[in-house]
Amino acid sequence: MKEFRLEGKTALVTGGGRGIGKVLALVLAEAGADVAVAARTYSEVQAVASDIEALGRRSVAIQADITDSQQAEEMVSKATEYLGRVDVLVNNAGATIGASSVVSLENLSEADSKRVDNRGMGDDSWDLVLQTNLSSVFFCCRAVAPQMLKRRSGKVINVSSVTGIYAEPYYTAYDSSKAGLNMLTKCLALEWGPYNVNVNGIGPGWFITEMTRSRFQDPEIYKDRVKSIPLGRLTDIRDLGLLAVYLASPASDWMTGQVIYLDGGQSAIHL
């Protein structure tokens, strides 16, 4: 099906050194795209770039801290210089910190004490999560906008979360950042729609990644998480890559301003 193929397209994936970002980058390459991968840790994105080249696609590894707007601009410039342009921007870089919202807490349950900091959410922690999950996306979108709008062509994919639409205790910063990201996705879709640039989001449910692995190692937490999923099971993280291919491809040309929740039905309980 040619509508789902990405030959001749280029993509830039942030947070592409591991977890969801690594999988998204590799699956986009499998579909035919040349892919630039960016993250703070150069060794990680360098390894992913090598894997992409082994698939017969071009790739470049870029070290960048995209919470710094200047570094976001430089990242887009480097990707454009190497690949010629950026057709698809995937904003995947993310951070999470579990903590009580405003004060320290005592007598946390055993399960909660394993996953949250009971000392409270400090300024640095709040800023890190909001800057990584929301501000950096704005910086990257702003950096890539001139070329996409001028060409009147482009796809932006923002990786959000099911917690952008329902709250979870002790993750106030993370949930707030993802809710903000959902609104940013809609706003940019309205602004850029007249220029034929599509802006959509993916809202993952529970997947086992480097960020969540420690939680799932606890049998009780694992059981509780799976119980919250209507399909009653987890799935492979590759499924997120398949959805990203759809959103990056001509098959989704009529879709913009949407956040698609890939969560086994979890969000249906809350919507």
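Quick one: longest stretch of the chain between exposed loop GluC sites (Glu not before Pro), exposed meaning at most 16 other C-beta atoms within 10 Å and loop per DSSP?
Details: sites that count: GLU7, GLU106, GLU210.
The reported range is 107-209.
Counting other Cβ atoms within 10 Å, keep those with at most 15, restrict to DSSP loop, and tell me which chymotrypsin sites (Phe, Trp or Tyr not before Pro) in region 163-250 are left.
TYR166
ILE202's amide H: which non-local residues (gap 5+, or another chain) put their own amide H closer than 5 Å, with H modeled 1.01 Å from N in plane and none for Pro or chain starts?
Amide H to amide H, under 5 Å and 5 or more residues apart or across chains, ILE202 pairs with ASN158, VAL159, SER160, ILE260.
So for the pair SER69, THR235, with labels modelled 7 Å out along Cα→Cβ, what separation do we get in nm?
The two pseudo-label positions are separated by 3.8 nm.
Can you tell me the 0 to 90 degree angle between the C-alpha axis of helix 19-30 and the longest principal axis of the chain, rounded to 10?
The helix 19-30 is inclined about 30 degrees to the chain.
Work out the count of Lys pairs in region 2-269 where the Cα-Cα distance is under 25 Å, with the pair 8 or more places apart or on different chains.
Total qualifying Lys-Lys pairs in region 2-269 comes to 21.
Quick one: length gained pulling THR41 to ALA251 fully straight, 0.36 nm per residue minus the C-alpha distance?
Gain on extension, THR41 to ALA251, equals 72.3 nm.
Could you calculate the contour length gain from GLN217 to ILE269, that is, 0.36 nm times the residue separation minus the distance between their Cα atoms, to one decimal place in nm? Walk me through the numbers before you get to the answer.
Values: separation 52, 0.36 × 52 = 18.72 nm, distance 2.51 nm.
That pair, GLN217 and ILE269, stretches by 16.2 nm at full extension.
Distance from the Cα centre of region 1-80 to that of region 222-245, in angstrom?
For region 1-80 versus region 222-245, the Cα centre distance is 24 Å.
Which of ALA72, ALA29, ALA95 ends up with the largest GNM mean-square fluctuation for the chain, with Cα atoms connected below 10 Å?
So, out of ALA72, ALA29, ALA95, the one fluctuating most is ALA95.
Magnitude of the Cβ-charge dipole of the chain, K/R +1 and D/E -1, about the Cα centre, nearest 20 debye?
Values: 27 positive and 31 negative charges, 163 e Å.
Dipole magnitude for the chain comes out near 780 debye.
Dividing the alpha-carbon radius of gyration of the chain by 2.2 N^0.38 Å (N being the number of residues), what value is obtained?
Cα-based Rg divided by the globular estimate yields 0.99.
Please name which of GLY16, VAL90, MET255 has its Cα lying farthest along the dipole of the chain towards the positive end, using unit charges on Cβ (Lys, Arg +1; Asp, Glu -1) and the Cα centre as origin.
Farthest towards the positive end: MET255.
Extension gain ASP51-GLU168, at 0.36 nm per residue separation less the Cα-Cα distance, in nm?
Between ASP51 and GLU168, full extension yields an extra 38.5 nm.
Two-decimal Rg/Rh of region 9-72 from alpha-carbon positions, Kirkwood Rh?
0.96
Rounded to the nearest Å, what's the spacing between the alpha carbon centres of region 167-184 and region 257-271? Just the number, please.
If we compute the Cα centre of each part, the gap is 15 Å.
Within the chain, what's the longest run with no trypsin sites (Lys or Arg not before Pro) in a DSSP loop and at most 13 other beta-carbon atoms within 10 Å? Give the range, please.
Details: sites that count: ARG119, ARG152, ARG233.
Longest gap between qualifying sites, sites excluded: 1-118.
Read-outs: derived from the displayed coordinates by stated rules, not from any lab. Source: prediction; values computed, not measured. In this analysis, Cβ positions are derived from the backbone assuming ideal geometry, glycine residues included, and neighbour counts consider all displayed protein chains.
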